[in-house]
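So the structure is just underneath, and the comments pick up after that.
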Amino acid sequence: MFRSLNLFWNNSARKSRQRASSKRVKNNLQFDRLEQRELLALVAGGLRINATIVQNQSQVAFASASDGRSVAVWTHVFSSSDTDIYAQRFDSAGNKAGNEIRVANSGRRESLPDVAMKSDGSFVVTWVDQVTSSNEDIKALRFTSAGASRGSVINVTTSTKNETTPSVAIANNGTFVIGYQQDFTSSDSDVLARRFNDAGLSLNSLIVSSSPFLNETYPDVAMAPDGRFAISYSSSNSNGDVLVRRFSATASVVNTHAVANGTAKQVNPRISMDNNANTMVVWNQLVGSDDDIIARRISNTGALGTVITVANTTNFEIAPDVSCKRDGTAFAVSYFQTNDFSNRIVELTNSGTVRNRSTISSGVVFERTAIAFGSGGNYQVAFTKPSTAWDVFKRKGVLS
């Protein structure tokens with residue numbers, strides 16, 4: 001499998017490694033105990049994102065603008081020693097706009113892309129560049145709403161240490177933040193970030209979390225239109241915690257929240273913000289003998305909401321992603337379920353009331369899905385699935 005899968009599994013099972021294949025499922029048709037019926041909110045069918053189909057595609061990420069335009073980025077396997085980053089734009093109806101964009105194809109291994117889209121449809125892509133066999137850096141490139149590159153490739157990091165798992169978010173004025181994990185030593189990883197203006201010039205560097213006694217991993221960045229942002233990450237102790245650090249629009253620290261710090265394994269957080277900087281965090285958590293999907297809201301004043309159980313069957317639910325409806329009234333969570341290798345989605349109100357549950361696709365590749373709201377209640381979810389080879393797809397949904 002690709003390195004993203006190894007990174008995910010290593011992070012999610014750093015202290016409590018378990019194999020999904022050893023799980024005995026009593027009933028493959030059992031739905032989440034929160035809701036005993038499955039309601040379909042997704043539009044039928046799906047659209048293959050990639051046009052190039054001769055090799056494997058995976059590691060898809062997705063972003064949308066407020067008018068419904070969107071963009072997907074993914075990793076394309078060019079050869080056994082060379083992977084590239086591609087992108088595809090979509091119009092507000094979800095149809096392809098223009099051709100595939102080759103974002104990065106240096107001849108080295110480029111992987112683990114992420115993308116953020118501004119309200120005018122312009123976007124920023126970030127990825128990992130394997131400079132040498134022992135050194136990975138973070139790169140970024142800006143694009144216009146028409147898909148033309150803006151300026152040259154940005155060297156987000158240039159140290160001799162490994163930097164990986166980048167995440168990017170952007171404000172309406174074009175200011176963007178890229179969070180990433182740096183392997184400070186072989187036993188100590190930290191979460192750092194850099195902030196850039198619309199011209200791609202560095203504004204400042206941020207140390208999000210750098211305890212010498214803990215491994216801080218897998219950052220995810222979310223940003224409100226006015227530039228306020230938050231970064232979620234995992235912090236390892238005997239179990240694993242989920243933390244969120246919130247920042248003002250000028251990058252001053254507002255607060256740090258221990259969103260999940262119980263006695264169970266709590267890892268792989270993902271984060272989303274609505275237009276008013278209210279934040280929703282999701283993660284997978286060991287409950288009994290299997291992992292469930294959990295969520296928690298942080299208001300824009302810093303108030304922690306109650307813990308919400310999103311999915312909790314007797315199977316393993318892992319690798320979540322989350323997106324908030326822009327008006328802040330609801331959110332949607334996608335995740336991977338192990339019993340039938342399916343990607344699923346749950347639509348909820350902020351209080352945790354389930355509106356709909358859907359199966360995105362079954363028989364899929366074990367990778368995280370990517371979900372993003374566009375205009376109103378319209379969202380799209382992207383995923384990897386075996387087809388001609390491994391291809392990346394997307395489906396549309398509507399949350400009423």
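Quick rundown of the values:
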{"item": "Residues that are under 17 Å from Asp190 (Cβ atoms) and surrounded by fewer than 17 Cβ atoms within 10 Å (Cβ to Cβ), drawn from segment 222-241", "result": "Asn237"}
{"item": "Whichever residue in segment 187-205 is touching a residue at least 12 places away in the same chain (Cβ under 8 Å) and among the aliphatic types (A, V, I, L, M) and, among such residues, is nearest to Gly121 (Cα to Cα)", "result": "Ala199"}
{"item": "Residue match in segment 336-353 (condition: open to solvent by less than 10 Å² (accessible area, probe 1.4 Å), of a type in the set (Ser, Thr, Tyr) and in contact (Cβ under 8 Å) with a residue 60 or more places away in the chain)", "result": "no"}
{"item": "Among the candidates Asn155, Asn173, residue that is modelled with pLDDT of 95 or more, in contact with a Gly (Cβ under 7 Å, 6 or more places away or on another chain), farther than 16 Å from Trp74 by Cβ and open to solvent by 10 Å² or more (accessible area, probe 1.4 Å)", "result": "Asn173"}
{"item": "Output for segment 98-107, where each listed residue is of a type in the set (Gly, Ala, Ser), open to solvent by 20 Å² or more (accessible area, probe 1.4 Å) and either assigned to a strand (DSSP E or B) or at pLDDT 95 or above (or both)", "result": "Gly98"}
{"item": "Scope segment 190-221; condition surrounded by 14 or more Cβ atoms within 10 Å (Cβ to Cβ), outside any strand (DSSP E or B), touching a Phe, Trp or Tyr at 6+ places or on another chain (Cβ under 9 Å) and at pLDDT below 95; matching residues", "result": "Ser210"}
{"item": "Which listed residue is touching a residue at least 40 places away in the same chain (Cβ under 8 Å), in contact with a helix residue (DSSP H, G or I) (Cβ under 7 Å, 6 or more places away or on another chain), open to solvent by less than 10 Å² (accessible area, probe 1.4 Å) and not polar (S, T, N, Q), from Ala319, Ala332", "result": "Ala319"}
{"item": "Single condition Glu110 does not satisfy, out of (1) within 28 Å of Pro225 (Cβ to Cβ); (2) open to solvent by less than 50 Å² (accessible area, probe 1.4 Å)", "result": "(1)"}
{"item": "Unmet requirement for Asn300, which otherwise passes all of (1) outside any loop (DSSP other than H, G, I, E, B); (2) open to solvent by 20 Å² or more (accessible area, probe 1.4 Å)", "result": "(1)"}
{"item": "First in segment 240-260 and without any contact (Cβ under 8 Å) to a residue 24 or more places away in the chain and within 21 Å of Asn197 (Cα to Cα), second anywhere and among the aliphatic types (A, V, I, L, M) and part of a strand (DSSP E or B), Cβ under 8 Å, 6 or more apart", "result": "Ser248/Val254"}
{"item": "Top-ranked residue of segment 242-268 - restricted to ones that are at pLDDT below 95, part of a strand (DSSP E or B) and in contact with a Gly (Cβ under 7 Å, 6 or more places away or on another chain), ranked as surrounded by the fewest Cβ atoms within 10 Å (Cβ to Cβ)", "result": "Gln266"}
{"item": "Among (1) in contact with a Phe, Trp or Tyr (Cβ under 9 Å, 6 or more places away or on another chain); (2) among the polar types (S, T, N, Q); (3) without any contact (Cβ under 8 Å) to a residue 24 or more places away in the chain, the one test that Ser234 misses", "result": "(3)"}
{"item": "Qualifying residue in segment 274-284 (condition: open to solvent by 10 Å² or more (accessible area, probe 1.4 Å) and hydroxyl-bearing (Ser, Thr, Tyr))", "result": "no"}
{"item": "Pair list, Cβ < 8 Å and 6+ apart or interchain, from segment 162-186 residues that are without any contact (Cβ under 8 Å) to a residue 40 or more places away in the chain to residues that are surrounded by fewer than 21 Cβ atoms within 10 Å (Cβ to Cβ) and of a type in the set (Lys, Arg)", "result": "Gln182/Lys161; Asp183/Lys161; Phe184/Lys161"}
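Condition check ((1) in contact with a helix residue (DSSP H, G or I) (Cβ under 8 Å, 6 or more places away or on another chain); (2) within 20 Å of Ala65 (Cβ to Cβ); (3) in a loop (DSSP other than H, G, I, E, B)) across all residues:
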{"position": "Leu112", "(1), (2), (3)": "yes, no, no"}
{"position": "Ala116", "(1), (2), (3)": "no, yes, no"}
{"position": "Ser119", "(1), (2), (3)": "no, yes, yes"}
{"position": "Trp127", "(1), (2), (3)": "no, no, no"}
{"position": "Asp137", "(1), (2), (3)": "no, no, no"}
{"position": "Ala146", "(1), (2), (3)": "no, yes, yes"}
{"position": "Arg150", "(1), (2), (3)": "no, yes, no"}
{"position": "Thr158", "(1), (2), (3)": "no, no, yes"}
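The values are calculated or read from the model by the stated rules, or taken from the named source; none is laboratory data. All values reported here derive from a predicted model rather than from experimental measurement. Note: ideal-geometry Cβ built from the backbone for every residue, glycine included; neighbour counts use all protein chains shown. Ligands, DNA and RNA are excluded from the accessible area calculation, which covers all protein heavy atoms including side chains. Shrake-Rupley method; radii C 1.70, N 1.55, O 1.52, S 1.80 Å.
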